[in-house]
Structures are given as structure tokens and as C-alpha cells.
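Taking it in order: structure first as C-alpha cells, then the write-up.
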Amino acid sequence: MKNRKLNQWLWKWHFIAGIISLPFVLILSITGAVYLFKPNVEEQAISKIQEITEIKNSSEKLNYQQQWNIAKKNTKKKLSSMILSEGNKSTEFISGKFGGKQSLYINPYSGKVSGTFKAKDTWMYTVRKLHGELLSGKVGTKLVELVASWMVVLILTGLYIWFPFVKGIKGAFTIRFKEGKRTLFRDIHAVTGFWISILLLVVLAGGFPWTDVFGGNFKWVQKVTNTGYPKTWSGRGLVSKSSDKVLTLDEMISIANKQNLKGIVSIGLPKSPKNTFSVSNKTFPLTEQKMLHFDQYSGTLIKAHDWSDVGILMRGRAWLMAFHQGQFGGWNWYLLFFIAIALTIMSVGAILSYFYRKQKGTLGVPKSPKNRKLEKGIGISLLILSVVFPLFGVSLIIILIYEFFKNRKKITV
């Protein structure tokens, strides 16, 4: 049997978490489902730029060094890398990073710029901004982090207060359609939530590394525990031995091709006479990813990294972030799309159930146990959640202060 007092406490906190989170959860679930189509939208836009329709003479194809020189003349930003492409496509050169990343495409036959591409120029970028920061910059980012933190509370409390101890396992499959709208929407919310709860926690874990407070703290822990990328992964501290002869980009690409790397291979371009060429690949499984640094003069391999060199926290973080974006193939994409749709249905069910449940003129907040002494287990759990999710901790303090003065006012009256 359930602990009645504990159940009352958790039901109240589940309700409060829902009041705080659900309107935003709807936005996050819908935009999350739409954002899964980002690769399709970008690929369609890029293919129009990169595709070469007319080839007059294949023997007149420019070498990569010539294309690199043309690319440098046609961009104000310093080029950081190029992508090895297959077939007759324009060559992609990249500058900037994160939100400022831009791709410049050079037609290898005409030597002309085929076009440029920025993720910012697509409507999908607006979806991303809505999903990640509610179109409100830093304030929105922190609000999304707060909502995600309360979603963890929603899931954990919901699992306890709903788990069908009385009805048995049958309750995990049963939606009662003939017992009124309140019961119907409650069951839609509860049953759907039960089946996606664990997966939803994994999805949330994949999103937290992007947040400001939790993400910043996580990076700090990685740095302190030395469980992130090795310092030399990005080429930091590695130096090419200066020489009169510098490798051409074509020679470097020849060396890169001999590495037989899987997936999308990129060549990191030297930023100065002391830097290295860097060859890396983006592929799944993640264990196949490598980072190789070559002397830009002699082509000698200076440092080779594979996935085993990456710290355990970074490996876990990378896996969860990739899962969050549906990058592990079709099964991952369809699973995330299902979770997003199920989360939307669950949220709508909760909102409708609430309106059918609450009495007019009240918020319908569940009452606390008469004995207001906090359960030790709840106190410890809230403390742990407050440390892991600082924004949740701040909001919890505000709520507790409000509760304290509200109850004190009742006693005074």
C-alpha cells in the first residue's frame, strides 16, 4: 500500500510542477517534433547550391588548392575547414562556428562561387530558437532550463502517485472512455506518461548539456575531473615544424583518403604557420570517430586520437545529445518523433483533466497533509534535485517562501 501522506505531498508537487511547466512543455514538444526535420530542410537548401548540372570538360576541374584560394578571396571570415564530398558537387568550405557557421561552395569546374549557406537563413533556425530559448535570448534559455528541471519532477512524482498499485498492471494499459471526460483525459495523461517516462528522462538528459546553468556546471565538472575531450583533440599545443615547402590541400586530402575514415570527413585548415592540418570524421557509432593532426609542411602524423581518448563524461554527454537530436538512424528519429507526439497528447490530456477537475474560483491546488512536517526522503530528494538543477532550487525556495507566508496569514486570521 502507498504511504498516504507521501502520496499527498507528491501529488501537490506534481500539480505545482504541471502548472509551471505544461504550457511551455507543449511548445517544446511541438517544436521538437518539427526540428527533427532540420536535416531534410537543410539538405534540400544545400543541394540546390551544391549540385552541378553542367560539366563541359571534366579534365578542366580545378584542384583543391586552387579552390581554397578562390574561397579565401570570396569570404571575409577565416576559413576553418572543408568537407570531402563525393561525386560531382561543389566543394564546401566552412568558416565560423555554432550559430555563426557559414558554408561557401566553389564550383570545381568554373571556379565560381555556387552560393553560401547559413543555418540562420532557414525557417528551421527560428524553430530552433523557439525550442531552445523561446525566442527570448538568455532569459528564454534559462526559462527552458527551468521548465526542463520541473519536467524531471513531474515525471518522478507522476510515476509514484499514478503507479497502479490497486488496479494492478492492467492500469498501465487501460483508458476509461465511458466514465466521464475528467477520467478520460486523466487516463490519457497518465497512461501515455507512464509509457514514455523513462525515455523522456533520457531525452531531457540529452538536452540539459545545452543549458546555461546546468550545462556550464557540467562542463566545469568535466574540466576538473579531466573527463572531457583531451586538450590536444582540437590541436591545442600541437605545432608544425616550419619548412620552405608547405603541403598543398590536394596532398593533404590524399593523406586523409588513405585513413579510410567512415562518414563525413572534414579537413581542418591551419589558422597560422604554426598550426596543423586536422582530419576528422562525423559518423555513428561514435566509437568510429577519430581526430588526426598532421604537420602542414611534411604531412607527418603528429597526434592521433580515437573515441577511447575521450573522457567518460564527454562520451556520455555526446551520446545523449546525439540521441536527443535523433542522429543514430531511422529508429532513433522515429522514436523521438513518437515521444514528441506522445508528450503533446499527454500535456493536452493533463490540461483538459485539470479544467474538468478544478472548482470555479480556485486554482485547484491539492492540499498538503495536515501534519506539515516534511518527509525525510522528500527533503533529501528536493535537496539533491536543487543541487543538480540550480534553477529548480531557486524556484523551489521562492515557492516555499510563498507557502510559508500564505500559511502564516491563515493562522493570523
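When the residues of region 204-236 are filtered to those that are assigned to a helix (DSSP H, G or I) and of a type in the set (Gly, Ala, Ser), the one that is most open to solvent (accessible area, probe 1.4 Å) is Ser234. Do we have any residue at all in region 89-97 that's polar (S, T, N, Q), open to solvent by 30 Å² or more (accessible area, probe 1.4 Å) and under 27 Å from Leu249 (Cβ atoms)? No, every residue in region 89-97 fails to be polar (S, T, N, Q), open to solvent by 30 Å² or more (accessible area, probe 1.4 Å) and under 27 Å from Leu249 (Cβ atoms).
Restricting attention to region 1-40 and to residues that are under 19 Å from the mean Cα position of the chain (by Cα) and not in a helix (DSSP H, G or I), the residue that is farthest from Ser353 (Cα to Cα) turns out to be Phe37. Only one of these conditions is not met by Tyr125: (1) part of a helix (DSSP H, G or I); (2) among the aromatic types (Phe, Trp, Tyr); (3) crowded, with 18+ Cβ neighbours inside 10 Å. Which number is it? In the conditions (1) part of a helix (DSSP H, G or I); (2) among the aromatic types (Phe, Trp, Tyr); (3) crowded, with 18+ Cβ neighbours inside 10 Å, Tyr125 misses (3) alone.
In the list Val239, Val246, which residue meets the criterion of being among the hydrophobic types (A, V, I, L, M, F, W, C) and within 30 Å of Ser308 (Cβ to Cβ)?
Working: Val246 fails: within 30 Å of Ser308 (Cβ to Cβ).
Testing whether each residue is among the hydrophobic types (A, V, I, L, M, F, W, C) and within 30 Å of Ser308 (Cβ to Cβ) leaves just Val239.
Output yes when any residue across region 46-63 is under 23 Å from Gln325 (Cα atoms), exposed (fewer than 13 other Cβ atoms within 10 Å of the Cβ), modelled with pLDDT under 95 and over 22 Å from the mean Cα position of the chain (by Cα), and no when none is. Yes: one or more hits.
Comparison of Ile169, Ile161 shows that the only residue that is farther than 20 Å from Leu343 by Cβ and assigned to a helix (DSSP H, G or I) is Ile169. Scoring Ala340 on the criteria (1) more than 22 Å from Gly206 (Cβ to Cβ); (2) at pLDDT 95 or above leaves a single failure, condition (1).
Close contacts from region 234-251, counting a first residue that is without any contact (Cβ under 8 Å) to a residue 24 or more places away in the chain and a second that is open to solvent by 80 Å² or more (accessible area, probe 1.4 Å) and not aromatic (Phe, Trp, Tyr), with Cβ to Cβ under 7 Å and a gap of 6+ residues or different chains, come to Gly237/Lys231.
Right, Lys138: over 25 Å from the mean Cα position of the chain (by Cα) and either touching a residue at least 60 places away in the same chain (Cβ under 8 Å) or open to solvent by 50 Å² or more (accessible area, probe 1.4 Å) (or both) or not? Break it down into steps so the answer makes sense when it comes.
On the way: over 25 Å from the mean Cα position of the chain (by Cα): no; either touching a residue at least 60 places away in the same chain (Cβ under 8 Å) or open to solvent by 50 Å² or more (accessible area, probe 1.4 Å) (or both): yes.
Considered against the rule, which asks whether it is over 25 Å from the mean Cα position of the chain (by Cα) and either touching a residue at least 60 places away in the same chain (Cβ under 8 Å) or open to solvent by 50 Å² or more (accessible area, probe 1.4 Å) (or both), Lys138 comes out as no.
Residues in region 237-253 that are charged (D, E, K, R) and in a helix (DSSP H, G or I): Asp250, Glu251. What do you reckon, is Lys181 touching a residue at least 60 places away in the same chain (Cβ under 8 Å), surrounded by fewer than 18 Cβ atoms within 10 Å (Cβ to Cβ) and more than 28 Å from the chain's Cα centre (by Cα)? Yes, satisfied. If the condition is being of a type outside the set (Asp, Glu) and open to solvent by less than 20 Å² (accessible area, probe 1.4 Å), then region 287-297 contributes Leu292, His293, Phe294, Gln296. Right, Leu201: open to solvent by 80 Å² or more (accessible area, probe 1.4 Å) and modelled with pLDDT of 85 or more or not? The answer is no for Leu201. Look at (1) aliphatic (A, V, I, L, M); (2) within 16 Å of Asp295 (Cα to Cα); (3) open to solvent by 20 Å² or more (accessible area, probe 1.4 Å) and you find that Leu249 fails only one, number (3). Scanning region 145-178 for residues that are surrounded by 19 or more Cβ atoms within 10 Å (Cβ to Cβ) and among the polar types (S, T, N, Q) yields Ser149, Thr157.
The values are calculated or read from the model by the stated rules, or taken from the named source; none is laboratory data. Predicted model, so just to flag it, every value in this text is computed and none were measured. Neighbour counts are summed over all protein chains in view; Cβ atoms, including those assigned to glycine, are modelled from backbone coordinates with ideal geometry. Heads up: the accessible areas ignore ligands, DNA and RNA and are worked out on the full protein's heavy atoms, side chains in. Shrake-Rupley method; radii C 1.70, N 1.55, O 1.52, S 1.80 Å.
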